[in-house]
Structure formats: C-alpha cells, structure tokens
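Read the structure below first, then the notes.
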Amino acid sequence: MIGVFDSGIGGLTLLHEIILQLPDEQYCYYADTENVPYSTKTEDQIKSYVDEAVNYFFQRKVKVIVLACNTATNVCIEDLRSRYTLPIIAIQPAVKVAVDNDPLHRKILVCATPITLRSVRFQRLVDLLGANNLVERLALPELVKLAEAEIFDEKATQYIKDSLEQFDIKRFGSLVLGCTHFTYFEPIFKKIAPHLSIYDGNEGTARHLKNILGRLNLNSKEKFSVEYIESGNPTQNIERFERYIERVKLLS
C-alpha cells in the first residue's frame with residue numbers, strides 16, 4: 001500500500017497522476033481536513049500533524065509515503081527522513097522544469113503558500129538552479145480555502161486576477177503552481193494569462209515515485225483500490241473526494 005498525505009484535498013491532484021503511472025497499486029489517501037489550511041499554522045503544529053499522519057501510515061504498514069503537500073515538505077521532510085528508513089517521496093515546486101523548458105530564460109512566477117515561499121528549502125532550490133534573477137514569488141493562501149470550499153467560479157477568478165496585477169505578467173514566460181491545491185485553478189490561470197507555460201510538481205513526483213519503487217523492487221500487481229482518511233478516520237463523505245477526482249480528470 002502507498003500512503004499519500006496532504007493537508008486537505010490538494011493532494012488528490014497528485015494522487016490522480018500517481019494512479020495514472022502506477023495503476024496496479026493500493027492507496028491510502030490521508031487528508032488532514034481538521035487542520036487545513038497549514039499556511040496559518042506554526043511549524044511545530046505542522047510537524048505534529050504530519051507525525052500523526054505518518055504514525056497512521058505505519059499502523060497500516062504502507063511501503064512508501066508520499067508528501068503531496070508542499071508546505072509540509074518544506075517544514076518536515078529533512079526531519080522525517082532522518083528518523084525513518086521507509087522511503088518518503090516529497091513534492092516540491094517545479095522550478096527546474098520551468099527553467100529547463102524556457103530557452104529564452106524569461107521570468108518565472110512561483111505561486112505557493114507563504115510558508116513554502118519563505119522556506120530555506122525553497123531558496124536552496126532556487127540557488128541551486130541559479131534562478132534568483134528569474135524567480136518571482138506570489139503567495140496565494142486564499143486559493144487553499146477556495147479549493148477546500150469547492151469554489152472555482154468568479155470569486156476565484158477575481159482573486160487570481162487581482163493577485164497577478166501586481167506583476168507585469170507579460171514579462172513572464174512560465175508559472176509554477178507550488179501547492180497541489182492550486183492545480184484545480186489551472187484553467188483560470190490559463191484564461192487570464194494564456195501566454196504562460198504552467199507547471200506543477202505532480203507528474204515529476206509521480207515519476208520519481210515510480211522509479212523509486214522499481215529500484216527498490218517494491219512494485220505491486222494488486223487489485224487497484226483507494227481509501228480516503230480524514231485526520232485519522234475513514235471519511236464519512238466519500239462523495240466529496242469523488243467530486244474532486246472527477247474535477248482533476250477534466251484537467252488532464
């Protein structure tokens with residue numbers, strides 16, 4: 001079984017991509033819906049929430065854990081990997097993909113939560129790529145709340161449009177969605193700024209997971225299944241998760 005963790009429903013966008021690449025697996029998706037959004041929490045709180053999810057996964061004897069939450073990755077991943085030998089795959093903003101795919105070296109707008117954008121880990125990524133002169137940051141914490149409330153209409157469009165107006169967006173070549181919740185709003189970003197190439201970390205993270213499982217000989221040929229857990233308990237609202245999965249499929 002593969003454990004996939006997110007602060008809420010954002011990680012379903014990654015789960016969908018993982019299933020496309022690894023269809024013969026069993027999945028446990030853990031959404032910490034009692035504590036979402038993480039952007040308003042302290043780092044100690046976030047570490048505590050993630051520890052609860054990891055402990056749950058260990059009880060379920062998962063073979064690998066996927067952090068589908070960029071915020072949790074930036075707060076917890078080094079600590080988790082220092083304490084556990086179980087493979088832990090972590091998503092991160094697809095800045096490298098944006099850099100590699102633009103031979104003109106135009107500016108890159110990275111949209112994420114405030115915690116991700118101010119983290120040492122994110123800055124280290126930008127430094128490693130030599131992209132400090134290319135990357136601009138835009139925190140969009142309200143998008144997490146809108147996604148959790150299933151608001152993808154004019155209210156979301158106006159929030160995104162207003163937020164982008166602080167930049168001369170014509171000078172940018174690409175947009176990186178550095179929060180899995182934000183992928184739901186990709187059609188809105190495309191409508192507002194159709195010239196931008198838009199990237200998220202989902203495809204690359206799923207491919208990395210597939211490679212790790214193959215390298216460690218952990219691939220399964222099981223009957224596919226997914227179970228949804230909300231903050232340690234089986235969901236009582238499976239229909240909600242199914243609605244998000246159907247929305248993700250429309251984005252593919």
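Computed quantities for the displayed model
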{"quantity": "Single residue of the range 76-100 satisfying the filter (out of contact with any Ser or Thr (no Cβ under 7 Å at 6 or more places or on another chain), over 20 Å from Leu216 (Cβ atoms) and assigned to a helix (DSSP H, G or I)) that is most open to solvent (accessible area, probe 1.4 Å)", "calculated": "Lys96"}
{"quantity": "Any chance Glu154 is closer than 30 Å to Asn237 by Cβ and not β-branched (Val, Ile, Thr)", "calculated": "yes"}
{"quantity": "Condition met for Leu177 (over 21 Å from Tyr27 (Cα atoms) and not aromatic (Phe, Trp, Tyr))", "calculated": "yes"}
{"quantity": "Some residue of the range 188-198 being touching a residue at least 40 places away in the same chain (Cβ under 8 Å), of a type in the set (Gly, Ala, Ser), farther than 25 Å from Glu34 by Cβ and in a helix (DSSP H, G or I)", "calculated": "no"}
{"quantity": "Failed item in (1) touching a helix residue (DSSP H, G or I) at 6+ places or on another chain (Cβ under 8 Å); (2) surrounded by 15 or more Cβ atoms within 10 Å (Cβ to Cβ); (3) over 30 Å from Glu165 (Cβ atoms), with Met1 passing the rest", "calculated": "(1)"}
{"quantity": "Residue in the range 130-152 that is touching a helix residue (DSSP H, G or I) at 6+ places or on another chain (Cβ under 6 Å), open to solvent by 50 Å² or more (accessible area, probe 1.4 Å) and closer than 30 Å to Tyr244 by Cα present", "calculated": "yes"}
{"quantity": "Selection within the range 170-182 - part of a helix (DSSP H, G or I) and open to solvent by less than 60 Å² (accessible area, probe 1.4 Å)", "calculated": "Thr180, His181, Phe182"}
{"quantity": "Unique match (being touching a strand residue (DSSP E or B) at 6+ places or on another chain (Cβ under 8 Å), crowded, with 24+ Cβ neighbours inside 10 Å and not aliphatic (A, V, I, L, M)) among Thr73, Thr33", "calculated": "Thr73"}
{"quantity": "Set Phe185, Phe167: member being among the aromatic types (Phe, Trp, Tyr), surrounded by fewer than 18 Cβ atoms within 10 Å (Cβ to Cβ) and modelled with pLDDT of 95 or more", "calculated": "Phe167"}
{"quantity": "Residue match in the range 54-65 (condition: in a strand (DSSP E or B), surrounded by 22 or more Cβ atoms within 10 Å (Cβ to Cβ) and of a type outside the set (Val, Ile, Thr))", "calculated": "no"}
{"quantity": "Single residue of the range 223-252 satisfying the filter (in contact (Cβ under 8 Å) with a residue 12 or more places away in the chain and open to solvent by 70 Å² or more (accessible area, probe 1.4 Å)) that is farthest from Thr33 (Cα to Cα)", "calculated": "Lys223"}
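The values are calculated or read from the model by the stated rules, or taken from the named source; none is laboratory data. Note that the structure is a prediction, hence the values are computed from the model and not measured. Note: ideal-geometry Cβ built from the backbone for every residue, glycine included; neighbour counts use all protein chains shown. The area values use the complete protein model at the heavy-atom level, side chains included, leaving out ligands, DNA and RNA. Shrake-Rupley method; radii C 1.70, N 1.55, O 1.52, S 1.80 Å.
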